[in-house]
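Enquirer: My questions will all concern the structure given below.
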Amino acid sequence: MTSIGFERGKTPYTNRDALLDDYTPDELVGRDDELEEYQQLLNPVIWGDQPSNIFLYGKAGVGKTAATKFMLRTLEQDAQEYDDLDLATLHINCDGLESSYQVAVRIVNSLREPSQQISESGYSKAEVYARMWEEFDNNAGITLLVLDEVDHVRKDDSILYQLSRARENDNLETARIGVIGISNDMTFRDRLSAKVKSSLCERELSFSDYDATELRQVLEQRREVAFKDESVNDDVIPLCAAYAAQETGDAREALDYLLVAGDLARDANQRTVTVDHVKEAKSTVERQTISKGLADRGEQSQYVAYAVATLDAEGRTPVRTTDVYERYERLVDRTGERILSTRWVREHLDSLAMLGIISADEINEGAGGGQYKEYELDQAIDVVVDALRDTIDYVGVHESIKKHY
DNA sequence: TATCCACTGGAATATGTGGTCG
DNA sequence: CGACCACATATTCCAGTGGATA
């Protein structure tokens, strides 16, 4: 019998929370230009004036959300100096909210007591909007509304227009709102209808990518808070920064490497984080990202991924859609699960490509061959197979996968 | 330069779910 | 309860697409 027990050993941390996503540091490093411009845009608010609607754009993990939280927190604090200034801020993350309706429901619920929440369907659109305006009027004189990841709202943009033109359209009795839209999809702005674009994007603020130096600054700042002195080797932070700069320039990713490396050290009962921990962390993070991405997408998507994986194992990638579908059909047939149409499988292939698990290439062979897409695995096959383990157990191990299983 | 291939991807539509309201 | 409402999931339909080829 193994003896089980919990015990605290050695740790490199003093405050691990400082490495987590929702931690907002007191100072924001490496974003001086952006912050200065941001402050100018928000300056009217301190005078009680209606702020312009602001649109922030820049790649994922370049500090858009962090800068916004930081600015609004500062603004709220400073606003307390002035008795005649009735200011509130509201941060809505639009991830998972596809339609204007859902955004409106989320806004209403964020402004209401937990006991007064409304459900996500059942009302007419007009009804939800009416309640939303009511809540804004009750909420504060000026509400700064942050719509984070606003590009996820893709079905219709009516809410964006309504919000950004709320006062002109007499939707509000007394309140005023300023909309701050945040997007990391550069094409989103261009896809907006002209009238929404001109109102939502009155002012624009672009965030540039972090370069390796700035990434190191960010990591260094968190290290001071999160770790004990001398518990992080010198090469660790440059390596995290280099890995992240190599991939995307995403600060969140860089911090994730540092966090996982720290956890590895702690789990191994070591006081010091080393380069080896970072290297191991990198592969751990990659695996996590993929299996989480796949798990979120449901089983049909996993069958599709598995189909591509088996073809890859046979050396048949890049492989065109039709062949993927054939393989997918054969696999799913064994499970007794329903077989989706080609159209829907193509949808899944698209989303897998979005996740970075597979990559797509457009091929055009002209009169003889026509135009089609080819897919291949974008990740090491054992990583993908690992993430698909549950699905594979269910489908049965394909011949070509055996050596990885 | 017109044609043509083999898909692509948008749109309309169908089906089922979970919700409100009178 | 029945009339509505919005959503997710999936299917069917079909007008493009654009480079190689004659």
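Enquirer: Shape call for chain A from the C-alpha gyration tensor, a ≥ b ≥ c root eigenvalues: rounded (a/c under 1.5), prolate (a/b greater than b/c) or oblate?
Expert: oblate
Enquirer: I would also like to ask the following. List the relative contact order of the range A:50-123 as a percent without decimals, with contacts defined as Cα pairs under 8 Å and 6+ residues apart.
Expert: For the range A:50-123, the relative contact order is 15 percent.
Enquirer: Set the bar at 26 Å for Cα to Cα. Now go through A:Lys64/A:Lys155; A:Lys228/A:Lys279; A:Lys59/A:Lys197; A:Lys59/A:Lys155; A:Lys155/A:Lys282; A:Lys69/A:Lys195 and name every pair that lies beyond it.
Expert: A:Lys155/A:Lys282; A:Lys69/A:Lys195
Enquirer: Within chain A, what is the longest stretch that has no GluC sites (Glu not before Pro) placed in a DSSP loop and near at most 15 other beta-carbon atoms within 10 Å?
Expert: A:231-313
Enquirer: Taking Rh as the Kirkwood radius computed over C-alpha pairs, what is the Stokes-Einstein D of the range A:288-329 at 37 °C in a medium of viscosity 0.692 mPa s, expressed in µm² per second?
Expert: It comes out at roughly 307 µm²/s.
Enquirer: What residue among A:His91, A:His348, A:His277 has the largest mean-square fluctuation in a Gaussian network model of chain A, using Cα springs under 10 Å?
Expert: A:His348
Enquirer: Which ordering of A:Asp312, A:Asp263, A:Asp78, A:Asp22 is given by a fewest-first count of other beta-carbon atoms within 10 Å?
Expert: With the sparsest Cβ surroundings first, the list reads A:Asp22, A:Asp78, A:Asp263, A:Asp312.
Enquirer: Another one. Taking H placed 1.01 Å from N in the peptide plane, check which residues at least 5 places from A:Glu202 or on another chain put their amide H under 5 Å from its amide H.
Expert: Those lying under 5 Å, H to H, from A:Glu202 are A:Asn53.
Enquirer: Working from Cα positions, state the angle (0 to 90°, nearest 10) between the long axis of helix A:275-296 and the longest principal axis of chain A.
Expert: Taking Cα atoms only, the helix is inclined about 90 degrees.
Enquirer: Okay, next question. Note down the Stokes-Einstein diffusion coefficient of the range A:61-208 in µm²/s, whole number, using a Kirkwood radius over alpha carbon pairs, 25 °C, and 0.890 mPa s.
Expert: In µm²/s, the coefficient is 154.
Enquirer: Considering only DSSP beta bridges whose two residues both sit in chain A, what percent are antiparallel, to the nearest 5?
Expert: Around 30 percent of the beta bridges assigned by DSSP in chain A are antiparallel ones.
Enquirer: Now for a different question. Which value at 222 nm does chain A reach when only helices count, each DSSP H run of 4 or more adding -39,500 (n - 2.57), with the total divided by all residues and rounded to the nearest 500 deg cm²/dmol?
Expert: -16000 deg cm²/dmol, from helical runs alone.
Enquirer: If amide hydrogens are placed 1.01 Å from N in the peptide plane, which non-local residues have theirs closer than 5 Å to the one on A:Leu144?
Expert: Excluding prolines and chain starts, which carry no amide H, the hits are A:Ala88, A:Thr89, A:Leu90, A:Gly178.
Enquirer: Could you calculate the FRET efficiency of A:Asp190 with A:Arg8 from 1/(1 + (r/R0)^6), where r is the beta carbon distance between them and R0 is 60 Å, rounded to 0.05?
Expert: Efficiency, rounded to the nearest 0.05: 0.65.
Enquirer: Counting other beta carbons within 10 Å of each Cβ, put A:Met354, A:Met71 in order, fewest first.
Expert: Exposure proxy ranking, most exposed first: A:Met354, A:Met71.
Enquirer: Rounded, prolate or oblate: which fits the range A:203-249, taking a ≥ b ≥ c as square roots of the Cα gyration tensor eigenvalues, rounded meaning a/c under 1.5, else prolate when a/b beats b/c?
Expert: Oblate shape, in that a/c is at least 1.5 and b/c is the bigger or equal ratio.
Enquirer: How large is ³J(HN,Hα), in whole Hz, for each residue of the range A:91-104 in order, when computed from phi with the Karplus curve 6.51 cos²θ - 1.76 cosθ + 1.60 and θ = phi - 60°, using x for Gly and Pro?
Expert: With the stated coefficients, the range A:91-104 comes to 10, 10, 8, 8, 4, x, 9, 8, 10, 4, 4, 5, 5, 4 Hz.
Rule-based calculations on the coordinates, nothing more; no lab input. It should be emphasised that the depicted structure is a prediction, and the values quoted were computed from it without experimental measurement. Neighbour counts are summed over all protein chains in view; Cβ atoms, including those assigned to glycine, are modelled from backbone coordinates with ideal geometry.
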